[in-house]
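The structure appears below as structure tokens.
We did not get these values from a lab; they are worked out from the coordinates using the rules stated. From a predicted model like this one, the values you see are computed outputs, not experimental measurements. Here the Cβ positions follow ideal geometry from the backbone for every residue, glycine too, while neighbour counts run over all protein chains shown.
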């Protein structure tokens, strides 16, 4: 498996990130960087669930359509979606029209709003942050599932969240900066602490 490879500008990046402009931009500006606020975390959780079984580039290219369809991923609005909204979304060619995933997104918004007092999606993620070890040298060193992601998926399901297995949970930790899987020679590793959050993401 590949280590870091040059991107379009010659900078070394994680090997998965150099096949398109969208991937490079997402890798450079978002992946592995902290996401603040419940709406931002809810968006990432939703997109990771929609990605299941598909390529991430498909989700990236539909992201703005997803945002329009799901009210900017405002949990309070999405939690109020009903049967008519589900049918509207099933007829929206701009998003992934999978009824189970659409219904799970609505259920997850309701689960987020129903979290116990003092608990946020950010605090749940923080409680399953892996111990930061050495940066992976190659893509083969990056896991798809870890004990932390398995525990995170279990807790989220216990809180009423759906479509969050251990693989999706780990991708969520990666995408939101709770684990840093940029490769050792990736240019992002040269940034101080890579912008990782030191505390749970605050509420809205």
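Tabulated data
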| item | result |
| --- | --- |
| For region 13-90: relative contact order, % (alpha-carbon pairs under 8 angstrom, 6 or more apart) | 25 percent |
| Ascending count of other beta-carbon atoms within 10 Å, so fewest first, for 191, 103 | 191, 103 |
| Using alpha-carbon coordinates, inclination of helix 166-175 to the longest axis of the chain, degrees | 70 degrees |
| C-alpha long axis of helix 99-113 to longest principal axis of the chain, angle in ° | 90 degrees |
| Part-to-part distance (alpha-carbon centres) for region 4-50 and region 139-172, which is given in Å | 18 Å |
| Extension gain (nm, one decimal) between residue 103 and residue 55, 0.36 nm per residue minus Cα-Cα | 15.2 nm |
| Inter-probe distance in nm under a simple model that places probes 7 Å from Cα toward Cβ, at residue 5 and residue 76 | 4.6 nm |
| Whole-number percent relative contact order across the chain, with pairs defined as alpha carbons under 8 Å at least 6 apart | 33 percent |
| Helix axis angle, 147-158 relative to the chain longest principal axis, alpha carbon, degrees | 10 degrees |
| Overall form of region 66-151 per C-alpha gyration tensor (a/c, 1.5; a/b vs b/c) | oblate |
| At q = 0.10 Å⁻¹, base-10 log of I(q)/I(0) for the chain (Debye sum, equal scatterers on each alpha carbon) | -0.42 |
| Value at 222 nm in deg cm²/dmol, rounded to 500, when DSSP H runs of n ≥ 4 in the chain each add -39,500 (n - 2.57) | -12500 deg cm²/dmol |
